[in-house]
1. State which residue is farthest from the ligand (Cβ to nearest atom) when the search covers only the range 63-73 and only residues that are part of a loop (DSSP other than H, G, I, E, B) and exposed (fewer than 14 other Cβ atoms within 10 Å of the Cβ).
2. Anything in the range 1-49 that is under 20 Å from Met153 (Cα atoms) and among the β-branched types (Val, Ile, Thr)? List them, or say none.
3. Just checking, which of Arg168, Arg189 is within 30 Å of Gln74 (Cα to Cα) and more than 12 Å from the ligand (Cβ to nearest atom)?
4. Go through the range 35-53 and give me each residue that's within 16 Å of the ligand (Cβ to nearest atom) and hydrophobic (A, V, I, L, M, F, W, C).
5. Every residue in the range 48-62 that is in contact with a helix residue (DSSP H, G or I) (Cβ under 8 Å, 6 or more places away or on another chain) and assigned to a helix (DSSP H, G or I), please.
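Every number here is computed from the coordinates shown, using simple stated rules; none is lab data. All of these numbers come straight from a predicted model, not from anything done at the bench. Neighbour counts are summed over all protein chains in view; Cβ atoms, including those assigned to glycine, are modelled from backbone coordinates with ideal geometry.
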Amino acid sequence: MEHKKHWYDYLWIWAIIYFVMGFFNILCAWLGMIDFILPLIFAIVGGNKWFCNNMCGRGQLFAILPKTFKCSRQKPAPGWMASKWFRYGFLAFFLTMFGNMVCQTWLVFSGASSLKQVVKLFWTFKVPWKWAYTVQSVPEWVTQYSYGFYSLMLTSTLIGLIVMVLYRPRTWCTFCPMGTMTQVICKVRNGKQI
Ligand code: SF4
C-alpha cells in the first residue's frame with residue numbers, strides 16, 4: 001500500500017531552498033537554527049527521534065537523490081564510521097567547532113574582531129561570500145553568526161553528500177552530530193544506559 005504523504009515528507013525541498021537563500025542573503029542562515037532546536041525539543045520533551053524519522057529535510061535529501069539520480073554506490077560504510085568512538089568523537093569535534101563559531105561571533109560583538117564575509121568549508125577553506133551580505137542594517141555579530149552557521153550547515157551537508165555517493169544513501173545519519181545528540185538524550189530520558 002502506498003505510504004500516505006504528509007507535508008513534512010517534502011522538507012527535502014526546504015533543505016535545498018535554505019542553501020539557495022543563504023547564497024543570496026546570508027542572514028537566512030539563522031533559519032537553520034530550527035533544525036538544531038527542533039530535534040532537541042522532540043528528544044527532551046518526547047524522548048523520541050521523531051524529527052530524524054520524519055522531519056529532517058537533509059536526511060530526506062540523502063535518500064531522495066540516489067533514488068532519483070542513482071548517484072550512490074550503495075556500499076556498506078566502513079565499520080568504524082558507526083563505532084561509538086567515532087560518533088562521539090565527531091560530536092565532540094562538532095561541538096568544539098560550534099563553540100569556536102560562537103567565540104568568533106562574540107569577538108565581533110565586542111569589537112575585538114571585524115566581520116569576515118567568508119564561508120569556511122570543512123573548517124579549513126575560506127570561500128569569499130561577500131555578495132550575500134545584502135542587509136547591512138543589522139549588528140555585525142548577527143551577520144558573523146550567519147556566516148559561521150551557514151559554513152557549518154554547508155560543510156556537514158557536503159560531507160553527507162560525499163558519504164552518500166561513496167556508501168549507502170543515509171550514511172551521514174550514522175554519525176550526524178544531531179542524531180548522536182538526540183540519541184543520547186533519548187537514552188538518558190528513557191532511563192537506559194548509553
Ligand atoms: S541523523 Fe542527522 S541528518 Fe539524519 S535524520 Fe537525524 S538530524 Fe537528519
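1. Among those that are part of a loop (DSSP other than H, G, I, E, B) and exposed (fewer than 14 other Cβ atoms within 10 Å of the Cβ), it is Lys70.
2. Ile13, Ile16, Ile17, Val20, Ile26, Ile34, Ile37, Ile41
3. Arg168
4. Correct list: Phe36, Ile37, Leu38, Leu40, Ile41, Phe42, Ala43, Ile44, Trp50, Phe51, Cys52.
5. Trp50, Phe51, Cys52, Asn54, Met55, Gly57, Arg58, Gly59, Gln60, Leu61, Phe62
A quick yes/no check of all residues on (1) more than 12 Å from the ligand (Cβ to nearest atom); (2) without any contact (Cβ under 8 Å) to a residue 12 or more places away in the chain:
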residue: Ile26; (1), (2): yes, no
residue: Met33; (1), (2): yes, no
residue: Met55; (1), (2): no, no
residue: Lys75; (1), (2): yes, no
residue: Arg87; (1), (2): no, no
residue: Leu91; (1), (2): no, no
residue: Gly99; (1), (2): yes, yes
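Every residue, every condition in (1) of a type in the set (Val, Ile, Thr); (2) under 21 Å from Phe36 (Cβ atoms), yes or no:
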| site | (1), (2) |
| --- | --- |
| Arg73 | no, no |
| Met81 | no, no |
| Leu91 | no, yes |
| Gln104 | no, yes |
| Val108 | yes, yes |
| Phe122 | no, yes |
| Pro128 | no, no |
| Tyr147 | no, yes |
| Gly160 | no, yes |
